[in-house]
Amino acid sequence: MGRVHGLLTGGTSRDSSYWNTLIYRSDKVTIKNYKVINHRPNSGYNQTDGVDFDESTNGLLSNAFLYTGDDNMATKNENATGTINTKNIIHENNVCYSNSGCAKIGTKNEGTSMDGVTFRNLDVVKAGRSLVIDAVDTAVISNVRWENVRVENTDSLIDLEEDRSPSWRTVRTPQRSVTPTSPMSLRT
């Protein structure tokens, strides 16, 4: 397995047919000044995530505008074997508009751990769920921080899922509890 290191500065990605920008099994990938503009139906979602770090480490998404039908930013662990456990991912200075989740961990959080995910200085213009952890798989999720989040319009400000797995897939883990351990500062 090769590890990707990289920097993407600027650019616009439009109308993907699935997850727009997937950073998969990579280390030290930085994306700055990036725009994602996807098809956004009037209701529901259509699997057009904005930027997802999946089984990646030491990543940064900064100064992005994310207009999506599904999740704006979803940090994931896709592989149950824990090939690479997601760690040290920072999302900062981003503007989000979504039918679904804005700043999310999951829906896939397999492997053994997901550690050090930070969402900081976000403007949520619209989201179905603003701050989300879907902890229904095997990974232990720790050191998650949401800092300086401003929310204009949302159906659910904070959504911690621990016992309701998605109806569209099978989950491998028994119920577990989610206990927030990091300080959270919200301004609405």
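The number of residues in the stretch 81-94 being hydrophobic (A, V, I, L, M, F, W, C) and in a strand (DSSP E or B) comes to 2. When each of Asn38, Asn77 is tested for being buried (at least 21 other Cβ atoms within 10 Å of the Cβ), in contact with a strand residue (DSSP E or B) (Cβ under 7 Å, 6 or more places away or on another chain) and in contact (Cβ under 8 Å) with a residue 40 or more places away in the chain, the lone residue that passes is Asn77.
Is the stretch 61-69 home to any residue that is in contact (Cβ under 8 Å) with a residue 60 or more places away in the chain and either under 22 Å from Leu8 (Cα atoms) or surrounded by 20 or more Cβ atoms within 10 Å (Cβ to Cβ) (or both)? Among the residues of the stretch 61-69, not one is in contact (Cβ under 8 Å) with a residue 60 or more places away in the chain and either under 22 Å from Leu8 (Cα atoms) or surrounded by 20 or more Cβ atoms within 10 Å (Cβ to Cβ) (or both), which makes the answer no. Scanning the stretch 108-124 for residues that are open to solvent by 10 Å² or more (accessible area, probe 1.4 Å) and either in contact with a Gly (Cβ under 9 Å, 6 or more places away or on another chain) or of a type in the set (A, V, I, L, M) (or both) yields Glu110, Thr112, Ser113. In the stretch 1-16, the residues that are closer than 17 Å to Phe53 by Cβ and exposed (fewer than 12 other Cβ atoms within 10 Å of the Cβ) reach residues that are modelled with pLDDT of 85 or more and of a type in the set (Ser, Thr, Tyr) with C-beta atoms within less than 6 angstrom, at least six apart or across chains, in these pairs: Leu7/Thr30.
Looking across Asn93, Asn58, Asn99, Asn109, one residue alone is over 18 Å from Lys28 (Cβ atoms) and either at pLDDT 95 or above or of a type in the set (A, V, I, L, M, F, W, C) (or both). It is Asn93.
The values are calculated or read from the model by the stated rules, or taken from the named source; none is laboratory data. Not measured: the values here are computed from a predicted model. So basically every Cβ, Gly included, is an ideal-geometry build from the backbone, and we count neighbours across all protein chains shown. For accessibility, only protein heavy atoms count, side chains too; no ligands or nucleic acids. Shrake-Rupley method; radii C 1.70, N 1.55, O 1.52, S 1.80 Å.
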